Amino acid sequence: MVCHRRMKHFNSMCRGFIPSMWVKILLCVFITLVLMLNLQTNIKSIFDITEFLKINTNINKPTAIEFRSIVDDNQQESDELHFRSSSMESDKSCLPTTRVVFLKVHKTGSSTIANLFQRFGVTHNLNFAVPRKSKHENGYNYIGKPGEAIRKESLSPIPDNQVYDILWNHVVYDRTAFRSVMPNDTVYITIIREPFDQFVSAFEYFKMYGIQLFKNNMASSISANPISTYLKNISKSESPRKSLSHIRNKMVADLGMTLTQLADPYKRMDFLRQLNKDFKLVMIMEYFDESLILLRRSLCWTHKDILYFPKNKNIFRPRRIFDLEDHKRHRAISFADYELYDFFYKEFNKKILRAGDDIFEEVRYFRHLQKIVWDQCMMKKHVIFPPSKWGASFHVTKEECQMMRTGELAFLDYIMNITSAKYIRFLKEKMPEK
């Protein structure tokens, strides 16, 4: 049928020119072959892309995002001109969110994200929910004791008739306790990480190979790869009943999962569904910049608000080699963290897909901003950025560069000072004149 239509069109153009029926037959065969080759190529292309976009069944990691990132990374630098010349198309009716809880999860890049909320709170004169502790005492960056639920009594006081706006310190999530302290319109954000990488980072950070029980039982093989040694000898180094610890299911523990929930697969799923309702965004460390753009859009913030310098990164972390058995052993003891990651990776992918192709262009633009800021801030220069399709022109001062580079605990010290000073000022104003 296709051949007939093609030949009819061909005859109308070449009527009277083809002297032989055999030539027509040969031309028909030729056209048919060309069409078949073209169709085969298209089918192969569709198949290849479909295979590429399939979800990895091991960790349910949507390679659609990876595919798009590869495409974006191959874009020419000429995009710069487009970014610079684009008119501002942001939603002017969107108001920035100023009441946010950032629930820190250990060893997931959360210190870097915390800096964004520290800066935002300071520059907008917001009230911080910070621990009611002395600076530099043991665990003073934790609200209450490690593992405790949040209580108003464990927070530094603020003036009467005011509310807490920003919380970013370590504290285990408890939805009832948080809602007794934070306003009803508070937005909840957190970040998670691929469980095995998070486990390795936590193992190194907490120096688990230094604990006495570990050293006593595995001194002979500790030097090769203490993490692999731990996974092979778990019962010797840690009680099998200790299902929630610094290195076992640590992410779900930070997010408030109890031992009762941990033991029941139905309760674990209910727990994840409730978290999904409570948290507006669960960021993914492996897609840090994509997460930040989703954060910016979710909170109606600017690109300036999400610029960052990496924090608390262990540059001296040794390179260790792990095999498939190491990964299997870890999944067996931290199964809830894998369920958490798989669940929210799918949710993250849904958010990316709903955001449209424009988000990948914005990620590319943001990385361009980041490169400039990293270079210029290191030289202590004032940086000015022209308007883009995502926002108005903005500048980054040397003081703001310094805030980006300030460490988490140093920034906490400063915030504790200004929180205390604000409350003392309120008390003085409240006192009757003599």
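The values are calculated or read from the model by the stated rules, or taken from the named source; none is laboratory data. Here the structure is a predicted model, which means the values were calculated and not measured. Here Cβ is always computed from backbone atoms with ideal geometry, including for glycine, and neighbour counts include all displayed protein chains. For accessibility, only protein heavy atoms count, side chains too; no ligands or nucleic acids. Shrake-Rupley method; radii C 1.70, N 1.55, O 1.52, S 1.80 Å.
Values as computed for the structure displayed
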| read-out | value |
| --- | --- |
| Burial ranking of peptide ranges 195-203, 262-270 (average Cβ count within 10 Å, highest at the top) | 195-203, 262-270 |
| Rg ratio (alpha-carbon, reference 2.2 N^0.38 Å) - the stretch 235-347 | 1.27 |
| Accessible area of the stretch 246-361 divided out per residue, in Å², using a probe of 1.4 angstrom | 47 |
| Amide H within-cut-off set for Val187, under 5 Å, with H built and near neighbours excluded | Arg99, Val100, Val101 |
| Interatomic Cα distance distribution for the stretch 299-371, bins of 5 angstrom, percent | 3, 10, 11, 13, 17, 18, 14, 11, 2 |
| Subset of Lys267/Lys350; Lys232/Lys277; Lys107/Lys428 violating a 31 Å alpha-carbon distance limit | Lys232/Lys277; Lys107/Lys428 |
| Solvent exposure of the stretch 89-193 as accessible area per residue, Å², 1.4 Å probe | 42 |
| Protein accessible area in the stretch 266-390, 1.4 Å probe - carbon and sulfur % | 56 |
| Average Cα contact separation per residue, the stretch 243-402, under 8 Å, 6 or more apart, as relative contact order % | 24 |
| Under the Karplus curve 6.51 cos²θ - 1.76 cosθ + 1.60, θ = phi - 60°, whole-Hz ³J(HN,Hα) for the stretch 341-356, x wherever Gly or Pro sits | 5, 4, 4, 7, 5, 5, 5, 4, 4, 4, 5, 4, 5, 5, 5, x |
| Out-of-range pairs (alpha-carbon distance over 19 Å; input Lys145/Lys207; Lys304/Lys380; Lys280/Lys371; Lys304/Lys398) | Lys145/Lys207; Lys280/Lys371 |
| Length added when fully stretched, Gln274-Arg405, from 0.36 nm per residue minus Cα-Cα | 43.6 nm |
| Accessible area (Å², per residue) of the stretch 375-434, counting only protein heavy atoms and a probe of 1.4 Å | 65 |
| For peptides 278-286, 350-358, sequence by mean Cβ density within 10 Å, most packed first | 278-286, 350-358 |
